[in-house]
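Peer 1: Just dropping this structure here.
The values are calculated or read from the model by the stated rules, or taken from the named source; none is laboratory data. Quick caveat, the model's predicted, so the values are computed rather than measured. Backbone-built Cβ (ideal geometry, glycine too); neighbour counts: all protein chains shown. We work out accessible area using only protein heavy atoms, side chains counted, and drop any ligands, DNA or RNA first. Shrake-Rupley method; radii C 1.70, N 1.55, O 1.52, S 1.80 Å.
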Amino acid sequence: MLKILQIIILLQGVFLIVALMANREKYQKPTFWLLIGSIASIIFYIIGDDDNGFFEEKVDWFFFDSSLFITFLLLFVMYFVSQREVFKPRHLLFFLPNLLYFIIELYEKYNAAEDIMLVEIIELLVELSFLSYLLFTIWAILKSDRKKWMAFFIFPLALLMGLSLANEILGWFNIGQIPYFSNPENNAFTLIIIAFLFYFMAWKLVVSPSEIVPFAKVKKYRTSGLKEDLVENYTKKITAFMEEEKGFMDSKLSLTSLAEQLQIPKQYISEILNTHMNTNFQDFVNSYRVEAFLERMDDANYSNFSLLGIANEVGFSSKSNFYATFKKHKGVTPTEYRKSLK
């Protein structure tokens with residue numbers, strides 16, 4: 001029975017990857033590739049599960065562990081909910097626990113290091129990080145108003161994996177473990193849920209493909225000739241100018257001056273902001289100013305500054321513009337926000 005389930009899942013997974021790859025140009029890139037990674041990691045997990053491997057059982061193929069799927073699932077849900085069209089390189093840090101896990105397992109395999117306390121502690125922290133990933137994934141789905149249907153299918157899978165991780169963590173503290181999750185034969189129930197999730201995704205892919213991966217937005221600037229690699233390169237330059245060089249602090253910053261400083265055509269910046277980042281120049285710059293204002297509100301070095309004084313520091317040129325912008329981004333006035341902190 002278990003082998004049949006494994007074969008079904010492998011076939012479904014391969015079908016999904018082939019079907020998605022055939023139409024990859026239609027989909028938003030980060031969400032698309034994160035879904036591909038999620039499906040591929042599940043396939044690897046089925047093939048190399050320690051207790052119920054597809055080709056050979058009781059073999060420790062630790063690099064095919066379910067933890068890789070957990071990380072891909074977290075990132076997929078994050079990008080699915082947020083609709084981001086550009087992957088942020090810093091999100092690769094989410095794979096750090098996977099790298100640590102791989103190093104620990106490799107070290108233990110060849111050095112018999114199971115009893116080294118430091119290794120044990122790091123391994124426990126890695127397990128806890130994966131559990132937190134699953135909890136955050138569930139929270140992100142439930143919080144979103146976009147695709148509640150995801151919760152009905154991903155939640156059971158995340159719950160099973162989460163309880164399995166919790167069971168391992170209980171073992172670290174010699175606390176009574178959950179009998180169900182201590183029996184590898186019960187892995188079939190997890191596989192059934194995975195198979196059902198894959199089947200549902202395959203059905204959705206046929207009848208409503210945008211429900212699985214959002215379509216990339218149709219470009220408003222059809223004649224601009226702005227290629228995908230240029231979009232990515234220019235986006236990095238624009239965000240680096242704001243985040244690293246703090247360009248938003250210049251109260252006289254304009255689309256023209258930004259184009260001159262970055263040596264990017266003005267219409268390209270406008271296209272990237274409007275089409276690829278779903279914002280406009282003024283809102284984009286002011287969002288950085290508002291966040292910088294909030295950071296300084298919590299900084300003791302600015303405790304003697306007035307609200308307007310801090311606003312001027314971060315690039316706002318007038319009181320009226322500052323108050324209107326702050327309320328637009330945060331829903332309350334700066335004065336109301338300060339009162340809420342007391």
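Peer 1: Among the numbered criteria (1) modelled with pLDDT of 75 or more; (2) charged (D, E, K, R); (3) closer than 30 Å to residue 232 by Cα; (4) open to solvent by less than 80 Å² (accessible area, probe 1.4 Å), which one does residue 127 miss?
Peer 2: (3)
Peer 1: Take residue 68 and tell me if it is open to solvent by less than 30 Å² (accessible area, probe 1.4 Å), at pLDDT 80 or above and part of a helix (DSSP H, G or I). It would help to see each step written out before you state the result.
Peer 2: On the way: open to solvent by less than 30 Å² (accessible area, probe 1.4 Å): no; at pLDDT 80 or above: yes; part of a helix (DSSP H, G or I): yes.
When the stated conditions are applied, residue 68 does not pass them.
Peer 1: Test residue 245 against the criterion of being out of contact with any helix residue (DSSP H, G or I) (no Cβ under 7 Å at 6 or more places or on another chain), closer than 20 Å to residue 88 by Cβ, assigned to a loop (DSSP other than H, G, I, E, B) and without any contact (Cβ under 8 Å) to a residue 24 or more places away in the chain, and give yes or no. If you could, list the steps in order and put the result at the bottom.
Peer 2: Numbers: out of contact with any helix residue (DSSP H, G or I) (no Cβ under 7 Å at 6 or more places or on another chain): yes; closer than 20 Å to residue 88 by Cβ: yes; assigned to a loop (DSSP other than H, G, I, E, B): yes; without any contact (Cβ under 8 Å) to a residue 24 or more places away in the chain: yes.
Against the criterion (out of contact with any helix residue (DSSP H, G or I) (no Cβ under 7 Å at 6 or more places or on another chain), closer than 20 Å to residue 88 by Cβ, assigned to a loop (DSSP other than H, G, I, E, B) and without any contact (Cβ under 8 Å) to a residue 24 or more places away in the chain), residue 245 qualifies.
Peer 1: Sort out which residues of region 308-321 are at pLDDT 90 or above and either touching an Asp or Glu at 6+ places or on another chain (Cβ under 8 Å) or surrounded by 15 or more Cβ atoms within 10 Å (Cβ to Cβ) (or both), and write them in order of number. Break it down into steps so the answer makes sense when it comes.
Peer 2: Of region 308-321, the ones at pLDDT 90 or above are 308-316.
Across region 308-321, the qualifying residues are 310, 311, 312, 313, 314, 315, 316.
Peer 1: Something else about it: Being in a helix (DSSP H, G or I) and not small (Gly, Ala, Ser) is the requirement here; does residue 327 meet it?
Peer 2: Numbers: in a helix (DSSP H, G or I): yes; not small (Gly, Ala, Ser): yes.
In short, yes.
Peer 1: Check 8, 46 and return the single one that is in contact (Cβ under 8 Å) with a residue 40 or more places away in the chain, more than 27 Å from residue 91 (Cβ to Cβ), in contact with a Leu (Cβ under 9 Å, 6 or more places away or on another chain) and β-branched (Val, Ile, Thr). Walk me through it before giving the result.
Peer 2: Working: 46 fails: more than 27 Å from residue 91 (Cβ to Cβ).
Answer to the selection: 8.
Peer 1: Exactly one condition in (1) touching a helix residue (DSSP H, G or I) at 6+ places or on another chain (Cβ under 6 Å); (2) in a loop (DSSP other than H, G, I, E, B) is not met by residue 305; state its number.
Peer 2: (1)
Peer 1: Kindly provide the set of residues from region 83-123 that are of a type in the set (A, V, I, L, M), farther than 30 Å from residue 212 by Cα and exposed (fewer than 12 other Cβ atoms within 10 Å of the Cβ), ordered by number.
Peer 2: In the first step, residues of region 83-123 are kept if they are of a type in the set (A, V, I, L, M); the result is 86, 92-93, 96, 99-100, 103-104, 106, 112-113, 116-119, 121-122.
Now narrow it down to the ones that are farther than 30 Å from residue 212 by Cα: 100, 103-104, 106, 112-113, 116-119, 121-122.
Once the filter is applied, which keeps residues that are of a type in the set (A, V, I, L, M), farther than 30 Å from residue 212 by Cα and exposed (fewer than 12 other Cβ atoms within 10 Å of the Cβ), region 83-123 yields 112, 117, 118, 121.
Peer 1: What are the pairs with Cβ atoms under 8 angstrom where one residue, in region 316-342, is under 25 Å from residue 253 (Cβ atoms) and the other, located anywhere, is modelled with pLDDT under 85? Sequence gap at least six, or different chains.
Peer 2: 326/337; 330/337
Peer 1: Name every residue in region 223-277 that is over 23 Å from the mean Cα position of the chain (by Cα), at pLDDT 90 or above and β-branched (Val, Ile, Thr), in order of residue number.
Peer 2: Within region 223-277, 256, 264, 269 meet the criteria.
Peer 1: Please name all residue pairs, on different chains or six or more residues apart, with Cβ atoms under 9 Å, provided the first residue is in region 114-136 and is touching a residue at least 60 places away in the same chain (Cβ under 8 Å) and within 21 Å of residue 95 (Cβ to Cβ) and the second residue is of a type in the set (S, T, N, Q) and not in a helix (DSSP H, G or I).
Peer 2: 130/66
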